[in-house]
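Quick notes on the structure that follows.
The values are calculated or read from the model by the stated rules, or taken from the named source; none is laboratory data. All values derive from a computational prediction rather than experimental measurement. Positions of Cβ are backbone-derived with ideal geometry, glycine not excepted, and every protein chain shown enters the neighbour counts. Surface areas here come from the heavy atoms of the whole protein model, side chains and all, with no ligands, DNA or RNA. Shrake-Rupley method; radii C 1.70, N 1.55, O 1.52, S 1.80 Å.
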Amino acid sequence: MQHKPVADTASSALQPSGMYCPVREEGSLPVQHEQLRWSWGRVAGLVVAAACAAAGAVIAVRDHRLLPGKTSAAEALMEFGECAVVTDTAYVYTEPVNSFIENVATADECCQKCQRSHHHPCKSWIWVDNLKRCYTNSGRPVQRVVKQGYVSGMSTLAPETNPAPTTSTRPPTPTLPSTSSTFATAAPVPSMITTPMATAAPVPNTPATPMVPPVVTPTPAAPAPLPVPPAPQPGFSGAASNGSSIQGGQKVKDAFAGFLSLWRDSYQDNDGSVPEVDDSSLPSAFSGIKTKIVVSSGGAAGGVVTEGMGYGIMVEGFKAASGDSEAMTNGLGLLRSWLGMVNGPDKYPHPFGGGNGKSAEAATAVDKFPYGVSAIKGPRGGYSGVASWRFPIDQCRPPCQGSATDGDEDAILGTIYLSSAQGNPADFVDLVVRSIISFASADLGFPDLYRTLPDGQRMFVPKGGSLWGGLLPTEGPFKGVQEPWCYNPSYFAPGHYRVFRDYVHKYWRREFDPYLPKHLDGKPSTLQEMVAAFDGAITAGYNLLYYSSCSSGAVGNWVGVKTECEDKEALNCEGVPWATTPYVGKSGTCSASGTTFGSYGADACRTPWRIAMDYILHPGDSTRVTIYDRQGKVDSSVVYNAKTYLNGMANQYKDNAQCNAVKGDCAAVGTTKTATFKLAVAFDQGPHMTCANVPNFAQSWLAAFMAWPTFTAFVAPLDSMTPADNSKWLDTFASICDFSEGKPQGDICAATYFELGQEVVATMVMSGAVVPLADVPRAPTSVPLPPTPPTQSPIATTTRSEAATPPTAFATCLGLGLSAVMLQAA
């Protein structure tokens, strides 16, 4: 809860003029400075220090503890008790920064309020100039980051049991607090909030994370066009030249096997958490298969959530397609559970699907709230489609209801691969087709929820789930249940959508026509329209990613897609969903969970492996993406696609890590394990983690769920390296964890639900386990594709509108100035 005390005028009157906020050396006793005793030495030293700081210099202070990050002259002096503030710097904490005071005119006033705080012990503070807001915190920061307009400092308190880090090169591992909750809410979105009881918006699960006070720049900026890359350099072969993806070596395969073994430990036989379904309503492949569930935990999770079920079905589907018989049994057991969830509990109308539980029509009729069909009855009487996000549903108040797009798309992709592993028997194909149609309708808005661009193309935007998000109107019978115009870029799964599109096109039969939802005017929809809807969702998703990401690959947890029709009840009209992205309209923000708007965090972390899967499954199509400007006109000057996005993230490591995997110098001293601190600096201290499209600070890379998805970027070849060198990076990442004792040993090697989900999926992608479907040709496209771009050189970090980070250099010029200050202090 925010506390905003009224200014304490009496205390202010007693504050001596010129009082200098006391600052202590980290790990030492307090040093009080009731007033600053100036001398020529201090003045000269501070002038030299300020001049060198302005030039971007780094101060080397031996035997003193500096926070990791960009070290300024001011902060080095602060370590000696000679400077109260650090300018253009924000501190990063392991807990949310939610205590602040409004209308604080200066940084000095913020410092004083921190010292006089009666609401909680104040150990550090951050003042934000353009907001005139003072954030106070009862904890010490774990690192610093450069942020224009921020001023930070520490207060005088007794030494702590756990002092700050002892080196400026190795960031500390943040402590991630527990995030369990008693009750969840009713409409699903990933969350990192812990609440005693949730309300009307469901929050599947994401852990807590290091936070800094968010600041939103209220002006959407168009990214600078990416220049047409130069011709490829000669001498490359294999993946780098023919467009195929890269995979890691044996170390990556061993890591996948280790994480998969731990992931499978979360499977349990159904204990009544989900409804059972009879063999008579299922394809023959389910005969004798026991129902299995994935037990989740953390955030709003607990029980069975579709996110975890989706990961399980997808991973087992890929393994089954490679001939793994255990995976086939596991996958069918999990899918049986999924179908029980689609059918729903006995005390509610069947099917429950992604409806609101008030009637069967809420799941089966396109013209009833919520818009879209989420469950379709098959020839044997059973239902296939998308499910309520959490079971048992009485864990929420009101009961858990509405689907979650992320879990749905992963589960359906896995179902397709389970079908392929069996040779696509007719009864199983029927089940798959009904699932795909349900997803297209409930989660994408097919056939009528779209915007039409000036060239006539229809853009479909993935919703948060069947009940909310995307392009749902703000008024009328189909009004969404949560914040309008809110979009989660990590739900965008273009590789999945292409598989769905191609699968239904290949296996379509005339008897499937009745499964398609009708338009609201009563006209039947067609297979060709659904193919076009998937194409529209792919184009829209890549354009939204372009306008909500930085060149580093950082992307916002939540962004805006406001494109309101003149008729506020209408489902479709002319419009451009990314006209003001990342903002909701001109300057609005949104969040459907505890994750921060416009910040690379626990929701957004899944984006890299979703884009990596598109590149692996569709190396040609994924590099042929049409980018439009904010008015909806084709911008042929921009080259942006799966490869450019992934290459940007790979270059973030290549250019900013403290080691080079190609040279083999990433291992910790005396071990074969990779030293994570050498990699963490690329994201926790590197440039381009915020930009006009991602205005707020990222969560720390040192959380496993943040780090592992980024590793998948190297499946797309960097044209500046050979395929073998690309693969060395993947092996280096896999060497972070040691599985010799069963549970993984290492700095970011977790065995808890959410972290483990990201680890197992990321290593699956890195290991070569994700493979294209055999004998499923591409469906005829409904939209014109741009020409295949030339092989691209690495994307430069100046390809977007981002504030450049000044270069740093060893501050030899500070020797005289800093020495003068220290001599006078002595």
Let me spell it out: the conditions are (1) modelled with pLDDT of 95 or more; (2) touching a strand residue (DSSP E or B) at 6+ places or on another chain (Cβ under 9 Å); (3) among the small types (Gly, Ala, Ser); (4) not in a helix (DSSP H, G or I), and SER591 meets all of them except one. Which number is the exception?
(1)
Scan the stretch 356-366 for residues that are modelled with pLDDT of 95 or more and among the charged types (D, E, K, R) and report the count.
1
For the stretch 532-547, indicate whether the set of residues that are closer than 29 Å to GLY382 by Cβ, open to solvent by 70 Å² or more (accessible area, probe 1.4 Å) and modelled with pLDDT of 95 or more is non-empty.
no
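Criterion first (of a type in the set (A, V, I, L, M, F, W, C) and at pLDDT 95 or above) does ALA703 satisfy it? Talk me through it step by step, then tell me what you get.
Details: of a type in the set (A, V, I, L, M, F, W, C): yes; at pLDDT 95 or above: yes.
For ALA703, the condition - of a type in the set (A, V, I, L, M, F, W, C) and at pLDDT 95 or above - is met.
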Which listed residue, of LYS523, LYS463, is within 16 Å of THR607 (Cα to Cα) and charged (D, E, K, R)
LYS463
Every listed condition ((1) touching a helix residue (DSSP H, G or I) at 6+ places or on another chain (Cβ under 8 Å); (2) open to solvent by less than 20 Å² (accessible area, probe 1.4 Å); (3) part of a loop (DSSP other than H, G, I, E, B); (4) over 14 Å from LEU449 (Cβ atoms)) holds for PRO524 save (2)
Residues being open to solvent by 40 Å² or more (accessible area, probe 1.4 Å) and either among the charged types (D, E, K, R) or under 19 Å from SER552 (Cβ atoms) (or both) - total across the stretch 709-763:
6
Kindly list the number of the only condition in (1) touching a strand residue (DSSP E or B) at 6+ places or on another chain (Cβ under 8 Å); (2) part of a loop (DSSP other than H, G, I, E, B) that fails for GLY357.
(1)
For the stretch 667-679, indicate whether the set of residues that are touching a Pro at 6+ places or on another chain (Cβ under 9 Å), buried (at least 24 other Cβ atoms within 10 Å of the Cβ) and at pLDDT 95 or above is non-empty.
no
Is it the case that GLU361 is out of contact with any Phe, Trp or Tyr (no Cβ under 8 Å at 6 or more places or on another chain), of a type in the set (Asp, Glu) and in contact (Cβ under 8 Å) with a residue 60 or more places away in the chain?
no
Quick one: would you say LEU418 is over 13 Å from PRO517 (Cα atoms), out of contact with any helix residue (DSSP H, G or I) (no Cβ under 7 Å at 6 or more places or on another chain) and open to solvent by less than 10 Å² (accessible area, probe 1.4 Å)?
no
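Tell me which residues, restricted to the stretch 734-779, are in a helix (DSSP H, G or I) and either free of Cβ contacts under 8 Å to residues at least 60 places away in the same chain or more than 20 Å from the chain's Cα centre (by Cα) (or both).
Of the stretch 734-779, the ones in a helix (DSSP H, G or I) are 734, 753-767.
Hits for the stretch 734-779 are ALA734, SER767.
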Going through the stretch 387-409 in order, the residues found to be closer than 21 Å to PHE492 by Cβ and assigned to a strand (DSSP E or B) are none
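Is it the case, given these coordinates, that THR623 is open to solvent by less than 30 Å² (accessible area, probe 1.4 Å) and not hydrophobic (A, V, I, L, M, F, W, C)? Before you say what the answer is, go through the steps one by one.
Values: open to solvent by less than 30 Å² (accessible area, probe 1.4 Å): yes; not hydrophobic (A, V, I, L, M, F, W, C): yes.
Taking the combined requirement at face value, the residue satisfies it.
Residues being farther than 26 Å from CYS590 by Cα and over 12 Å from the mean Cα position of the chain (by Cα): count how many of those fall in the stretch 703-728.
Filtering the stretch 703-728 for residues farther than 26 Å from CYS590 by Cα gives 708, 711-728.
Among the residues that remain, those that are also over 12 Å from the mean Cα position of the chain (by Cα) are: 711-728.
Within the stretch 703-728, residues that are farther than 26 Å from CYS590 by Cα and over 12 Å from the mean Cα position of the chain (by Cα) number 18.
Can you tell me which residue in the stretch 265-276 is farthest from PRO349 (Cα to Cα), limited to those that are open to solvent by less than 40 Å² (accessible area, probe 1.4 Å) and not hydrophobic (A, V, I, L, M, F, W, C)? Can you show your working first?
From the stretch 265-276, those open to solvent by less than 40 Å² (accessible area, probe 1.4 Å) are 266-267, 270, 273-275; that's our starting set.
If we keep only those that are not hydrophobic (A, V, I, L, M, F, W, C) as well, we get 266-267, 270, 273, 275.
Details: SER266: 30, TYR267: 28, ASN270: 22, SER273: 18, PRO275: 13 Å.
Out of the qualifying residues, it is SER266.
Okay, residues lined up against (1) part of a helix (DSSP H, G or I); (2) over 12 Å from LEU444 (Cβ atoms); (3) within 23 Å of the chain's Cα centre (by Cα):
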residue: PRO473; (1), (2), (3): no, yes, no
residue: GLY476; (1), (2), (3): no, yes, no
residue: LYS479; (1), (2), (3): no, yes, no
residue: HIS496; (1), (2), (3): yes, no, yes
residue: VAL499; (1), (2), (3): yes, yes, yes
residue: VAL504; (1), (2), (3): yes, yes, no
residue: PRO517; (1), (2), (3): no, no, no
residue: LEU520; (1), (2), (3): no, yes, no
residue: GLY536; (1), (2), (3): yes, no, yes
Restricting the stretch 325-347 to residues that are in contact (Cβ under 8 Å) with a residue 40 or more places away in the chain and under 14 Å from GLN401 (Cβ atoms), which is most open to solvent (accessible area, probe 1.4 Å)?
PRO345
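For (1) more than 22 Å from ARG390 (Cα to Cα); (2) modelled with pLDDT under 95, each residue gets a yes or a no:
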{"residue": "ASP410", "(1), (2)": "no, no"}
{"residue": "ILE416", "(1), (2)": "yes, no"}
{"residue": "PHE428", "(1), (2)": "yes, no"}
{"residue": "GLY445", "(1), (2)": "no, no"}
{"residue": "THR452", "(1), (2)": "yes, no"}
{"residue": "GLN457", "(1), (2)": "yes, no"}
{"residue": "LEU467", "(1), (2)": "no, no"}
{"residue": "LEU472", "(1), (2)": "yes, no"}
{"residue": "GLN482", "(1), (2)": "no, yes"}
Scanning the stretch 549-579 residue by residue, those outside any loop (DSSP other than H, G, I, E, B) and under 30 Å from MET706 (Cβ atoms) turn out to be SER549, VAL555, VAL559, GLY560
Could you check how many residues of the stretch 516-559 are touching a Ser or Thr at 6+ places or on another chain (Cβ under 8 Å), among the hydrophobic types (A, V, I, L, M, F, W, C) and more than 21 Å from LYS506 (Cα to Cα)?
7
Quick count over the stretch 491-510, residues being hydrophobic (A, V, I, L, M, F, W, C) and surrounded by fewer than 18 Cβ atoms within 10 Å (Cβ to Cβ), is 1
Would you say ALA375 is surrounded by 24 or more Cβ atoms within 10 Å (Cβ to Cβ), over 27 Å from the mean Cα position of the chain (by Cα), under 22 Å from PRO462 (Cα atoms) and free of Cβ contacts under 8 Å to residues at least 24 places away in the same chain?
no
Counting only residues in the stretch 296-355 that are among the charged types (D, E, K, R) and modelled with pLDDT of 95 or more, the one farthest from PRO772 (Cα to Cα) is identified as ARG336
Within the stretch 452-478, restricting attention to residues that are open to solvent by 20 Å² or more (accessible area, probe 1.4 Å) and of a type in the set (Val, Ile, Thr), which residue is farthest from TRP578 (Cα to Cα)?
THR474
